[in-house]
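The values are calculated or read from the model by the stated rules, or taken from the named source; none is laboratory data. The model shown is predicted, which means the values in this text are computed figures rather than measured ones. Please note: Cβ atoms are built from the backbone with ideal geometry, for glycine as well, and neighbour counts cover all protein chains shown. Areas reflect the complete protein model, heavy atoms only, side chains present, ligands, DNA and RNA absent. Shrake-Rupley method; radii C 1.70, N 1.55, O 1.52, S 1.80 Å.
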Amino acid sequence: SYVTSLNKPTTAMITLNNTINNNLSSFLYDSNKNEELEYELQKEIDRQENQINKIIQNGVLLSMNHIYDQLFSQPEIFNLLADRNYHGYAQSLLLYQKQQLLRDNDTKVLILSSDGKSIHEIERHLIPQSIYEIIKQGELLVYEGGVKALFREGKTRWSGHVSIQVYESVCWTINEGIGRRYRYVVYESDTSSYYEGLIRNTKHLKEILGPYGQDLLDKSKTNEMLLHIAKYRLEIVKINTRSNDDNNNISTSPIYRIDFVSDRLYDSSKITPVNVGGEDDYEINKTKLIELEQLRGLKLLRMVRRINGLLIQLTVFETSNKSNQDATEPISNRNKPINENGLTLYDPPNLRIIGYDPRTKRKAICMALPEAIIEVIGGKYSPFLHPNNRKELAKTVCESLILYFPRGINNEYELLIRWSGSHRNINDSNVLLNTLNKSTYRSNEEKILKRPNRLFCSAIKINKYECIVTVFLYVIKSKDVSINKTINNVIVNVYSKISSDSNEIVINEQDQTIRLGKPIMDFPEGIIRSTAIRRLCRFLYVTLEEDLKDNTKQILILKLLPVNKGYLTEYQSIEASPHVSKDPRPVGLPTAFIPLDVVGHFLHRRGAQLPNRDKKLLPKDCIVTLYTKSIEEPVENGIVVKVYERGTADYSVLHIGKSQLIQLLESKNEPNLLNDLIKAREDADLNELDEYEKEFYNVTEKGDNIVKYNQLLSYFIDVIILDLGVWNTPDLKFIPYLRSCGHGMAPI
């Protein structure tokens, strides 16, 4: 009965069962409805996606058509893009198109330049047939075979067998015209890849062959030259194909590249090394690669000479005067003697003189013919013709050089030898005429010093410019014949060191009287007249302006100010506040200390009259201050002397080193003064006092040692100050020096 009661359903269970059935029916109905919605949604998505794809395809097609139209409507853009991916495409295409235009006209040939940037047209009859065959084919295979080449990775080298093909083509260079160009195609079996190397032009080919392979340039030795380059001058260099970030190989980078070993090709005007000549020059330059080496010759000497007021660096070479003679061989192997009437004579050499102006960076070349050399040195019996006297011969010829300035050419000159066979216009009168017309580069300052009637010449600062003022007397006669009076005008010439230019102005007697009270010639000759001229210079105004004809030069503008504008230059030179870096550059005995503004402990200061090196000038009233070399170093290691001049409110600095201090004391018969000074300081430092003794150190042994040290130091300072003197520079600055050093000469 218990089991039966369990199997009999209760009311609660029936209610629960009904609820579950209702929920299940509702869920099944909702799921069917969701499937229908999902199907409709997926259908709408597919439709939208198809529409979007059609829009994209139409847009891409329109864009491609637009790009296509743009490229082919502007062929230069298409050629530019192609040339970026394939270097030389545009030039090759242009060359091909021009060749197609000229295919019917065989009178001209087009050749691509060695750099691939331009094309040159050359007449057909000027091109040899062998070169013309290469031009028609573009490239010609001239060598093919295997060779044992050199591999390199960093400093590691090894050899390996490769297969090479060499193609010859033609190029154009400005200096050489039609030249040869070679393309090496190297096949390496391990990587199964081809690598290319290009010899650009004939000059590049000469550099690759080096000084010992120039004979291979002969056309009959082409195979030997190409094989020599492949075996000894070509290197297959391994490229580092690993990135910096990781150890993964960069697959797009080639494994090897082709390099050529080359030497520098010097010009025939090579003058280095500048410090050797003759046999030494031959030994040094015989291993150098020099273009047209026979034209260069053998360098004899290098010297500096002033020619027509211009300082020129001259380098003299001896060239061969015979076609079968080597001009680069030593002098001892050349110049065979000639016997004439029992006398041993020598043929004069050909000399090539290179003149270089360091100011204008201009180079001029003069060829000295044997006839000119014989006339300059005094005839064929001159001892200068002996081969051992080549340097003396070159110096004698250089003394006869002149600079000729052709008319109509500014700042251009020719280097010539003055002899009877020279051009008829080359004579002393023409050279003098060009000099008066300022065709030479002789400085204006040098010309002014040779003018007569000079009254005054000194360095004066005008409007912050350091100038050299020179005053000349300019006497003219009065226009009134009845008076018979002369008028003493003056010419004031102002030369600027900054611009190397000068200008001058004429000041008449009336202007002199207005500014000075009376003419300059009425002042007594000497210091009084010089003072009057300096006062007159206060009314001058100087400025520098850019030259309109040459923007690298500055011209000097000189004006005479009115009376009420006097002392304008002094007003402009007044500084409201001193500059931070106003310290003058120190002078060192024997050398200045580093850093230049070093200064140590203060030692002494006093006023003193320092004698001037120029005995005509009065001593200068100065304030002399002495310091140690630095805070850490004692007094015997060096002294810094600052001298302040009261008259000009300017000061200079002198550094005196230890060796100079010893020399000074030895000249004053005090060779042991420095040692006594060091011992006295050490004795004073040895005695240490406690807190109570420091208050009464003057009655202790330490106080006696300090007094002794101070007395020696005071005597040492007196020796230095009493030996001080000053000298004036051309720009009116003063420099202190030790009179016992070099008998009063200025320190370097």
Asp683 versus Arg257: modelled label distance in nm, points set 7 Å from Cα along the beta carbon direction: 7.7
Most to least accessible of Leu617, Leu314 (protein chains only, probe 1.4 Å): Leu617, Leu314
Shape of segment 350-414, Cα gyration tensor, a/c cut at 1.5: prolate
Solvent-accessible surface (1.4 angstrom probe) belonging to Thr287, in square angstrom, nearest 10: 70
Positive-pole candidate from Tyr495, Leu516, Gln554, dipole of segment 494-558, charges at beta carbon: Leu516
Residues with amide H under 5 Å from that of Phe151, placed H, sequence gap 5 or more: Trp158, Ser159, Gly160, Ile236
Sites Tyr381 and Ser420, calculated FRET efficiency, Cβ-Cβ separation with R0 22 Å, nearest 0.05: 0.75
Accessible area of Trp158 in the full protein assembly, 1.4 Å probe (Å², nearest 10): 90
Gain upon complete extension [Glu399, Thr513; 0.36 nm per residue less C-alpha separation]: 36.0 nm
Gain on full stretching of the segment that runs from Ile487 to Glu279 - 0.36 nm per residue minus C-alpha separation: 68.2 nm
Count of Lys pairs (Cα-Cα under 16 Å; at least 8 positions apart or interchain) in segment 192-243: 4
Order of exposure, largest accessible area first, which applies to His161, His228, His204 with probe 1.4 Å: His161, His228, His204
Largest-first ordering by accessible area, 1.4 Å probe, given options Phe602, Phe523: Phe602, Phe523
Of Lys464/Lys642; Lys679/Lys702; Lys629/Lys658, pairs whose Cα-Cα distance is over 21 Å: Lys464/Lys642
Neighbourhood charge, 14 Å Cβ-Cβ cut-off, centred on Glu633 and excluding it, Lys, Arg +1 and Asp, Glu -1: +1
Built amide H within the under 5 Å cut-off of Gly588, gap 5+: His655
Estimated vicinal HN-Hα couplings, Hz - segment 715-723 in sequence order (Karplus 6.51, -1.76, 1.60; Gly, Pro = x): 5, 4, 5, 4, 4, 5, 5, 5, 9
Neighbourhood net charge (13 Å Cβ-Cβ; Lys/Arg +1, Asp/Glu -1) for Val397: +1
Pair Leu722, Glu196: separation of 7 Å Cα→Cβ label points (nm): 8.9
Rounded to the nearest 10 Å², the accessible area of Asp280 at probe 1.4 Å: 90
Simple label model, 7 Å out from Cα along Cβ direction - Lys231 to Asn612, nm: 8.2
Vicinal HN-Hα couplings computed from phi for segment 350-360 (Karplus, 6.51 cos²θ - 1.76 cosθ + 1.60; Hz; Gly/Pro x): 8, 10, 10, 10, 9, x, 10, 9, x, 6, 9
